Amino acid sequence: MNAQDAMKRPLGRNGTLPMWYFNFREGERIERDRIGMYLPNLDAARDEAIKTWRDLVEIAACGGELPDCAIQIADATGEPVLTIPFGDGVQVH
């Protein structure tokens, strides 16, 4: 499944909301989300990841540097479908 298909899919195969996982990547290391969250589509999962991303960036900015990190959104099969990177030039508002 590609990201565009995932954004359009309103319900899982059995008529329930699909499960999304929010993995955290730091450098080459990935911490897999083992709990996940039921959300209607990739747009909603992206919105949730951006909220978390903002919180993490704000915390990291207090330390003066933003590490090479990202939030990786994976679908119910564990397949990554979208990555939201931290990076140079990120500003906390």
Most exposed first by the Cβ proxy, i.e. fewest other Cβ within 10 Å, how do ARG32, ARG46, ARG25 rank?
ARG32, ARG25, ARG46
Run the simple label-point estimate for ALA61 and THR77 please: 7 Å along Cα→C-beta, distance reported in nm.
3.8 nm
How would TRP53, TRP20 line up from fewest to most surrounding beta-carbon atoms within 10 angstrom?
TRP53, TRP20
Order of MET19, MET37 under a 10 Å beta carbon neighbour criterion, fewest first:
MET37, MET19
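Every number here is computed from the coordinates shown, using simple stated rules; none is lab data. Owing to the predicted nature of the structure, the values given are computational and were not obtained by experimental measurement. Virtual Cβ from ideal backbone geometry, glycine too; neighbours counted across all protein chains shown.
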